[in-house]
Structure formats: C-alpha cells, structure tokens
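Okay, structure first, notes after.
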Amino acid sequence: MGRGLHVAVVGATGAVGQQMLKTLEERNFELDKLILLSSKRSAGKQLTYKGEKYTVQEAVPESFEGVDIALFSAGGSVSQALAHEAVKRGAIVIDNTSAFRMDQNTPLVVPEVNEADLHHHNGIIANPNCSTIQMVVALEPIRKAFGLNKIIVSTYQAVSGAGNEAVKELYDQTEAILNNKPFDAQIMPVKSDEKHYQIAFNAIPQIDKFQENGFTFEEMKMINETKKIMHMPELQVSATCVRLPIATGHSEAVYIEIDRHDVTAEDIKNLLKDAPGVILQDNPAEQLYPMPADAVGKRDVFVGRVRKDLDRPNGFHLWIVSDNLLKGAAWNSVQVAESLKALNLV
Ligand code: NAP
Ligand code: 3JN
C-alpha cells in the first residue's frame, strides 16, 4: 500500500489559512502528514488541527520535500518565490493568489464549473478570486442551459477579504467611533496604497489598486477570470467592487443577458434549485433572500432576488452571497484537492 498524502498549508496563520485548516478538518480530508508554514514572524507558534498541536515553521524551499499537495495563501510574492520550488520537489500547488491565475498553462478552477481543466495542469492550479468564484458557481447553470453573453456586477465585499489585520481595523475603528475616540485609518482600502480611509460606517469603492483603464485590479480579476473559467473570451463582463464594514460574507448584485428571449425568472429559479454548490433563497412573499450574516461558516453559494429585467427580455437580475473565506478561498482549494484525488491526479 502506498503512503497517504502529505499536505502543506502555506500562510496557515492567516485569515484564509485558518479556514483552510478548519475545512480540511470538517471534510475529514485524508492525509498522513500536515506541515504548517508562515513567515519568520509566526514560526514557532502552535496551531491545533484535529485536537493535535502543530508548530508553525518558516516557509523555505526545503519545506516542500516529500509534500504531495501544497495549499498556498500567503500572498502573490510568496507564491512567486515558493510555488515552483514546491513543484520542483514533486508537490501539486493549489494557489489562492493572483500570481498564476492568468498564465496560459495554469488551470483556474472552480470544480462546479470547470473541473475537467484539472487534467491539464503543470504542477500549479490556481484558485480564482473570491468574488469571481461565487459569481461563476451561480451563473454556470444558466450559461449551460440558456447561453450567456453579458454580465454587469456590483460587489459588496467584507473586510476579511483583505486579511486578519483589516478585520481588526474594522473592529477597532467601530469601537473608537462609538466611544468618540480618535483613530488612524492605516489599512483600507489597500495597505500599500497612498491614502487610507475609514471603513467603519462607510463604503469604499476601491478594492486593490487602480489600473490605467480606471478599473481596480479586483474588478479586472473578476472580468478576466470569469472569461477564463467559463472558456468564453468573448463574454462581456463589467464590475464595480466596493468594500463594506462587514467582517465576513461577500454579496453581489448581478445583471446578466442570456442568449434566449423566452426564458422566465421561474425557469432560472428552477435551474438554480438543483445546481451544484448553490442554495436558492428566493421568496419575496416571505422576505426570503440571502444575506452575508447567514452565509458565514457555510460552504454554499446563496442566490435570491431572481427577476426578469423590465426592459430587456433576455436580461435578469440576481443577488449572490457566499462566505468569502470558504467557497471564495479555503473551501474551493480543498474542493480542488478532493477533485484531484477523485480524478486520480494526485
Ligand atoms: P492574512 O490574514 O494577512 O495572512 C497572511 C498569511 O501569509 C499569514 O499566515 C502570514 O504569516 C503569511 N505570510 C506572509 N508573508 C509570508 C512570507 N514571506 N512567507 C510565508 N508566509 C507568509 O491574509 P489572508 O487573508 O489569509 O490572505 C493571504 C493571501 O491569500 C492574500 O494575499 C491573497 O493572495 C490570498 N487570498 C485569496 C483570496 C481569494 O479570493 N481566493 C481571498 C483572500 C486572500 P505570518 O503569520 O507569519 O505573518
Ligand atoms: O479583498 C477581497 O475581498 C479579496 C481579496 C483577495 C486578495 C487579497 C490580496 C491579494 C487577492 C486575490 O486573491 O485576488 C490578492 C492577490 O492578488 O493575490
């Protein structure tokens, strides 16, 4: 009998890394050895997995000797520096950063949409951006049944998408404002950008840095990644990404145009009722619709407010909500690892 899987989690102390461990545990992911990696700062720290204590180690190239699957969520520069080192040593990397997402030879995978792309990997598999993932899970069944030619999305994103420090900033600012105390905004909207704004009791229409075309990098990720995952370079996609003072759970107001004019909102709801990874919560009479507070800790994508556009017979509006740290990051990565196992690719 061969040995069981050796798994490494890079960025194990972070917001995504912590959910990675929780998800591996909840899914009872079969592994023989687990290595938890971070920067020098957290090396020596202890984390618990299935009741056992693990000592976090600094991530270096040699950390990946004997590793079969390496789950990376420590930022793009860490992936750039270490993912190929892991692959060189025989690991398959599932990378949560944008470092390799648009590389032609790197599959960008959401199992409900394009699991088959896993057959064509060269050692690295990219996990899409959280906002992209929840949108494509909800739209893929519609694309398959009725065709899809346009998406216009506005996001309402939680601060945990920007990491543990951002969540702390939201809590600290909220407390300071409620107690009439002064505070300094230091992280939002982007830690490395020039200006920082209050996030508590605010809405910031900037996620990640601005590009020359006026869109932010987060918006461009949604646009480009959606086309790649759906294998539709011609799909028209536009996005406006906004940060809200919510700890966890991203929401999206999505307008789509499909290829047919004879489809009803009921047809779309019937599709979504049985779609993999989707839970339909749509009953205006009972004020039933998805909300981020209800989605926290859940692996599904919740969809509601499905309605036909009043002017365009092929236009529809939807409201899509999911836990950005789970389906948006950790769960999608672990799901990819489960798919690799099921397809005998690891
Ligand atoms: P976070 O809470 O700030 O955690 C960052 C993690 O990276 C920590 O474990 C940190 O370790 C580790 N790290 C930082 N520098 C490192 C280095 N030089 N070598 C090794 N480890 C290092 O951030 P997060 O929210 O978990 O996000 C981490 C990354 O995941 C993001 O930068 C992004 O690329 C990706 N992400 C993707 C999605 C998605 O949409 N799929 C969503 C969120 C995040 P220490 O404890 O030692 O600092
Ligand atoms: O802000 C969010 O809600 C999602 C952010 C994701 C993120 C944060 C820092 C760096 C990413 C990502 O996954 O796209 C990155 C990155 O570019 O790797």
Q) Can we say Asn344 is out of contact with any helix residue (DSSP H, G or I) (no Cβ under 9 Å at 6 or more places or on another chain) and on the phi > 0 side of the Ramachandran plot? A) yes
Q) Assuming Thr248 fulfils every condition listed in (1) in a loop (DSSP other than H, G, I, E, B); (2) among the hydroxyl-bearing types (Ser, Thr, Tyr); (3) surrounded by fewer than 21 Cβ atoms within 10 Å (Cβ to Cβ) apart from one, which condition is it? A) (3)
Q: Scan Asn164, Asn127 and give me the residue that is more than 21 Å from Val346 (Cβ to Cβ), within 14 Å of ligand 1 (Cβ to nearest atom) and under 19 Å from the mean Cα position of the chain (by Cα).
A: Asn164
Q: Determine which single condition Gln19 fails, assuming it passes every other condition in (1) buried (at least 23 other Cβ atoms within 10 Å of the Cβ); (2) outside any helix (DSSP H, G or I).
A: (2)
Q. Ala86 passes all but one of (1) surrounded by 24 or more Cβ atoms within 10 Å (Cβ to Cβ); (2) among the hydrophobic types (A, V, I, L, M, F, W, C); (3) under 20 Å from the mean Cα position of the chain (by Cα); which number fails?
A. (3)
Q) Tally time: how many residues in the range 80-111 are touching a residue at least 60 places away in the same chain (Cβ under 8 Å) and not basic (Lys, Arg)? A) 12
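So that you can scan it fast, the table gives a plain yes or no per residue for (1) at pLDDT 95 or above; (2) farther than 25 Å from Cys130 by Cβ; (3) small (Gly, Ala, Ser):
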position	(1), (2), (3)
Val159	yes, no, no
Ala162	yes, no, yes
Glu169	yes, no, no
Glu175	yes, yes, no
Asn179	yes, yes, no
Met188	yes, no, no
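The values are calculated or read from the model by the stated rules, or taken from the named source; none is laboratory data. From a predicted model like this one, the values you see are computed outputs, not experimental measurements. Note that each Cβ is placed from the backbone with ideal geometry, even for glycine, and that neighbours are counted across all protein chains shown.
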